[in-house]
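So the structure is just underneath, and the comments pick up after that.
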Amino acid sequence: MKALAALAGAALTVASCYALGSVMAARLGVRLRRGEKFPLAFVLGAALLHLAVFAILTLKIAYKPVLWLLLAACLAVALRTGDWRWPAPDAAPPETALPRGFRYLFGVIAAAFTVLYFFNAWAPEISPDGASYHLGFIARYLRVRGFERIATNMYAALSEGVEMLYVPAFAIGRHSAAALVHFAFLIALAMLVFAYGKRIGKPLAGAAAALLVYLSPVVGIDGTTAYVDVATAAIVFSVFYGTQIWDEYRDNRILIAVGLLAGYCYAAKYTVFVMVLYAAGFVLWRTRQWRPAATVVGCSLIMAAPWAVKDWIYLHNPIAPFANQGFPNPYFYVLVEKNWTSDLRNYGLTNLWALPLEVTIRGLMTRGLLGPVFLAAPLALLALRSRDGRKLLVPFALLFATYFGNIGTRFLIPALPFLALAMALALEAAAPVLLVALIVFHAAASWPAVMLQYINIGTWKLQFIPFRAALRMIPEEQHLGIQWNYQWARMVENHVPPGKMVLTFTGLADSYTTRDVLVSYAGALNNDIADAVTMGWAKERQPARLWIYSFPAEKHRRLRVVQTGTASNYLEQWSIHELRFFHESSELPRRPEWRLRASPNPWGVQSAFDNSEATRWRSWDTLRPGMWIDVDFGRDESVDQVQVELSGDEWDARMRVETTGGDGRWVPLTGRAEERNVKFSGSIRRAATDEAHVRGVDYFLIKDDDWGAKDYSEFPESWGITLLEHAYGASLYKVNP
Amino acid sequence: VIVRLALLKLRGVFIRVLIGTFIVVFMVVLCGCANLPEPYAPPPQRPNFEAPAAGAARVLEMADADAEIHFVRDIPGSLESNTWRWTGKRPTIRLLPGSNRGLTYVIDFAIAGTTLEQTGPVTLSFFVNDRLLDRERYAAAGRQRVEKPVPAEWLEPNETVLLAAEIDKLWIPPQADAKPLGFILVALGLEKK
């Protein structure tokens with residue numbers, strides 16, 4: 001039943017996309033050929049359906065009947081207008097056919113991989129990102145019937161244009177239905193590339209390029225899971241395709257479709273926003289008029305703007321989780337973003353010259369491989385000799401330029417169709433037989449059993465054809481049960497009451513639990529709690545130094561501590577556990593009238609005034625001169641000493657104390673500074689768990705290989721936690737209130 | 001592109017695009033305004049938590065949920081009957097007793113009749129931090145419990161301690177690929193007396 005539900009959910013969603021796209025294409029007068037109709041209508045319809053689902057989630061009416069009604073309405077409209085039909089053969093312009101021998105050879109190869117892909121997509125979904133956040137958020141939206149602010153997971157801030165299609169599919173057929181929808185995009189992408197080859201009179205190059213993309217191992221595994229990269233590639237290529245159709249017919253109504261698809265690129269994945277620039281630029285170049293280009297940009301905003309507005313409203317940053325320096329907000333820290341984007345630019349590779357081999361043959365570090373044939377990618381440059389080749393290499397260059405922001409292999413997928421077509425065009429012109437041989441080699445080298453001969457076993461790839469799992473002859477729980485991230489999700493589900501939050505330091509398959517899981521790095525709240533908890537065992541993070549600044553007693557209304565040091569490492573930040581003021585050796589009581597400010601991270605300033613050694617105000621940006629933390633006493637107070645408790649992990653912090661002069665300007669106080677080493681006598685472990693409790697987290701899921709795991713297991717009484725279960729290499733603890 | 005546009009006398013288009021870009025950028029920049037919060041008052045003051053002893057004496061039951069975390073070596077078997085595990089030659093665990101005074105080494109184990117038939121009488125040696133605490137010979141099958149006081153000077157306060165028991169002869173199971181086994185371990189640890 002689950003297997004059928006998955007198929008039904010995917011089939012209905014895909015059919016609705018096709019129906020909606022067919023109607024729209026007909027209204028815009030887009031003349032599509034037989035081979036183009038399904039993929040282009042499907043992708044265009046996907047863009048429109050995504051917007052409808054977005055509206056449903058915004059209105060918080062994501063009930064199953066509403067989603068059923070939406071899909072039914074799409075199908076009904078297409079049936080009523082008759083737009084769902086394929087173009088009659090005589091209505092379409094003549095096409096150049098692929099020679100029969102090649103057709104059979106390529107057909108057999110494509111069929112074999114389609115069987116491999118289909119059953120993998122149909123099998124229970126447990127891909128790393130698909131089962132965690134892509135579907136985790138969809139499951140959450142469906143639980144609460146719509147969007148809600150998710151400030152504890154930066155991935156929720158990314159645009160979710162493709163995931164919107166997973167909403168109705170998931171509602172009907174759960175996880176596998178979403179993966180099957182993505183698989184439909186994979187089919188559409190291959191069809192698009194083939195159709196484009198035929199449109200430009202190069203069917204052999206088109207078919208070969210389609211297979212170069214379709215058989216690529218990273219495309220195969222990505223396109224059969226609930227990821228979004230292959231769908232993004234299909235949307236990107238549709239934009240290009242649309243501009244070429246418009247260029248042929250010069251019917252400006254087509255630009256509406258092009259603009260919508262270009263905007264849908266942004267909705268699918270931030271990094272391919274360049275297709276808006278490409279489409280508008282291409283139209284501007286071809287017409288020398290701004291109005292057609294403006295039509296493209298305007299229509300693209302219809303698709304892209306909802307996502308920017310959603311982030312602006314929920315997270316105060318229209319392009320969250322990026323650009324937090326420009327759009328300061330309490331949800332994502334600047335330094336975490338810096339660190340994250342830095343990681344994405346290297347994936348642990350010390351030498352980026354290793355990338356070509358990494359993304360084509362190895363694939364372990366960058367998580368997936370394109371296949372050895374793409375070592376021949378420079379051949380694509382030969383395509384510059386033809387007009388068709390140059391047309392392809394412009395969008396390729398634009399997309400490839402964004403790749404270095406995230407060098408994961410799958411981030412090459414949007415540019416891959418252009419590269420494959422350019423390679424195929426170049427080879428077809430030079431040696432068609434070599435092109436066919438290359439495809440046969442690519443097919444052999446991309447088959448899972450063959451891949452095992454030359455790649456690391458840990459590389460992200462498809463492994464076999466899971467017939468029994470797909471048909472649910474092996475129960476879903478049993479198939480998923482061998483995956484620890486699934487078991488961790490079930491452990492959380494079984495022990496943690498509804499509505500409670502769980503802190504963990506690395507992820508799990510969120511979509512298989514209904515509980516709110518806070519991954520330590522994924523949001524500001526998570527960062528703060530994880531910092532406190534880590535402080536419980538990591539001595540370098542604990543208060544270690546006391547900076548004392550003494551000066552002649554005088555009345556002050558406001559005082560501030562200003563940073564004057566510069567970090568030698570960009571990850572070093574300024575942290576203050578406690579900031580205390582004294583007069584004649586007595587600490588000034590912290591009165592409610594005090595007003596506290598800080599820059600940067602004004603939202604965290606209270607952590608320096610909460611009397612907890614397990615919390616600290618942190619700049620969450622690289623330590624630099626000019627940062628400050630400021631106290632307005634609300635009245636004049638006699639002060640002769642300021643004490644700042646610092647951690648052991650800030651080596652370059654240097655400070656001065658300032659007061660406000662008569663004109664309201666800040667003036668440095670003259671005095672004497674000294675620094676002492678301190679050791680806190682209380683239980684930082686207990687203070688840390690108390691802080692987690694105060695902030696709403698009463699459960700920790702600690703993996704055995706997490707930093708500090710042994711400390712929790714050996715000192716549970718000291719932490720004030722109770723072990724609920726230890727299994728599958730992880731311990732679930734409950735905080736004792 | 002700029003030069004080309006200028007050459008084609010499309011300055012008007014260029015200027016419109018520039019103005020449009022400026023408006024979009026200006027609006028986007030505006031999104032960043034007014035995000036900063038009002039000043040905060042001091043929060044409720046957190047209590048001070050007394051630091052408890054770093055650890056406590058504990059007898060580790062093989063059925064304890066966190067038992068595996070404490071294993072150091074030679075306890076390869078899964079939990080049987082929700083109570084015990086097979087050992088290898090020298091099962092060793094790690095604990096953190098906190099104090100080093102008044103502690104007693106405790107081991108709860110069993111010698112299986114099947115193993116004894118093959119090995120004959122066996123001798124078990126009991127270790128604390130690799131120092132021999134005592135040695136016992138067992139000629140009959142059955143459950144055993146051994147308790148031996150541990151000299152305080154063998155332990156450091158607030159440091160982990162290694163507890164072990166070594167059997168002199170291993171039982172070789174009849175299955176071809178089976179590993180040699182020692183004895184049946186139920187619990188091992190330190191008790192505060």
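The values are calculated or read from the model by the stated rules, or taken from the named source; none is laboratory data. Keep in mind that this is a model prediction, so the values were computed, not measured. Using ideal geometry, Cβ is built from the backbone for each residue, glycine included, and neighbour counts are taken over all protein chains shown.
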For residue A:570, only one of the following conditions fails: (1) under 33 Å from the mean Cα position of the chain (by Cα); (2) crowded, with 17+ Cβ neighbours inside 10 Å; (3) not small (Gly, Ala, Ser). What is its number?
(2)
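Checking the condition closer than 27 Å to residue A:41 by Cα, surrounded by 21 or more Cβ atoms within 10 Å (Cβ to Cβ) and of a type in the set (Val, Ile, Thr), which residue from A:115, A:162, A:108 passes? Can you show your working first?
Values: A:115 fails: surrounded by 21 or more Cβ atoms within 10 Å (Cβ to Cβ); A:108 fails: surrounded by 21 or more Cβ atoms within 10 Å (Cβ to Cβ).
Result of the check over A:115, A:162, A:108: A:162.
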Got a sec? Which strands (runs of 3 or more DSSP E) wholly within the range A:664-707 have at least 3 residues that are not hydrophobic (A, V, I, L, M, F, W, C)?
A:672-677, A:697-703
Any residue in the range A:65-90 that's among the polar types (S, T, N, Q): show its pairings with residues that are surrounded by 14 or more Cβ atoms within 10 Å (Cβ to Cβ) and not in a loop (DSSP other than H, G, I, E, B) at Cβ separation under 9 Å, as long as the two are six or more apart or on different chains.
A:81/A:22; A:81/A:23; A:81/A:26
How many residues are away from chain B (no Cβ under 14 Å), among the hydroxyl-bearing types (Ser, Thr, Tyr) and within 35 Å of the chain's Cα centre (by Cα) when one looks only at the range A:573-629?
3
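Which one is surrounded by the most Cβ atoms within 10 Å (Cβ to Cβ) among residues in the range A:280-326 that are in a helix (DSSP H, G or I) and among the charged types (D, E, K, R)? Explain how you work it out, then say what you get.
Of all residues in the range A:280-326, those in a helix (DSSP H, G or I) come to A:280-287, A:290-315.
Imposing the further condition that a residue be among the charged types (D, E, K, R) reduces the set to A:286, A:291, A:310-311.
Numbers: A:286: 14, A:291: 14, A:310: 20, A:311: 24.
Within the range A:280-326, the match that is surrounded by the most Cβ atoms within 10 Å (Cβ to Cβ) is A:311.
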Looking at the range A:288-318 only, could you name the residues that are of a type in the set (S, T, N, Q), more than 17 Å from the chain's Cα centre (by Cα) and facing chain B (nearest Cβ under 9 Å)?
A:289
Could you run through the range A:429-471 and say how many residues are in contact (Cβ under 8 Å) with a residue 40 or more places away in the chain and farther than 14 Å from residue A:211 by Cα?
19
Mind checking whether some residue in the range A:671-689 is away from chain B (no Cβ under 14 Å) and buried (at least 17 other Cβ atoms within 10 Å of the Cβ)?
no
In the range A:643-674, anything over 25 Å from residue A:531 (Cα atoms) and of a type in the set (A, V, I, L, M, F, W, C) is listed as A:657, A:666, A:667, A:669, A:673
Subset of the range A:243-267 that is under 30 Å from residue A:157 (Cα atoms) and aromatic (Phe, Trp, Tyr) - its residue that is surrounded by the most Cβ atoms within 10 Å (Cβ to Cβ)
A:264
Of all residues in the range A:692-721 being touching a Lys or Arg at 6+ places or on another chain (Cβ under 7 Å) and of a type in the set (Ser, Thr, Tyr), which is farthest from the other protein chains (Cβ to nearest Cβ)?
A:699
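If the requirement is being at pLDDT 65 or above and more than 10 Å from every other protein chain (Cβ to nearest Cβ), which of these qualifies: B:23, B:2, B:69? Talk me through it step by step, then tell me what you get.
On the way: B:2 fails: at pLDDT 65 or above; B:69 fails: more than 10 Å from every other protein chain (Cβ to nearest Cβ).
Matching residue, one of B:23, B:2, B:69: B:23.
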Hits in the range A:414-472 (condition: basic (Lys, Arg), over 29 Å from the mean Cα position of the chain (by Cα) and assigned to a loop (DSSP other than H, G, I, E, B))
A:472
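Modelled with pLDDT under 75, more than 30 Å from residue A:309 (Cβ to Cβ), out of contact with any strand residue (DSSP E or B) (no Cβ under 6 Å at 6 or more places or on another chain) and at the interface with chain A (Cβ under 10 Å from one of its Cβ atoms): does that describe residue B:51? I'd like the intermediate steps shown before the answer.
Details: modelled with pLDDT under 75: yes; more than 30 Å from residue A:309 (Cβ to Cβ): yes; out of contact with any strand residue (DSSP E or B) (no Cβ under 6 Å at 6 or more places or on another chain): yes; at the interface with chain A (Cβ under 10 Å from one of its Cβ atoms): yes.
Spelling it out, residue B:51 is indeed modelled with pLDDT under 75, more than 30 Å from residue A:309 (Cβ to Cβ), out of contact with any strand residue (DSSP E or B) (no Cβ under 6 Å at 6 or more places or on another chain) and at the interface with chain A (Cβ under 10 Å from one of its Cβ atoms).
Each row is one residue, and each column tells you yes or no for (1) modelled with pLDDT of 95 or more; (2) within 14 Å of the chain's Cα centre (by Cα); (3) basic (Lys, Arg).
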{"site": "A:118", "(1), (2), (3)": "yes, no, no"}
{"site": "A:133", "(1), (2), (3)": "yes, yes, no"}
{"site": "A:143", "(1), (2), (3)": "yes, no, yes"}
{"site": "A:153", "(1), (2), (3)": "yes, yes, no"}
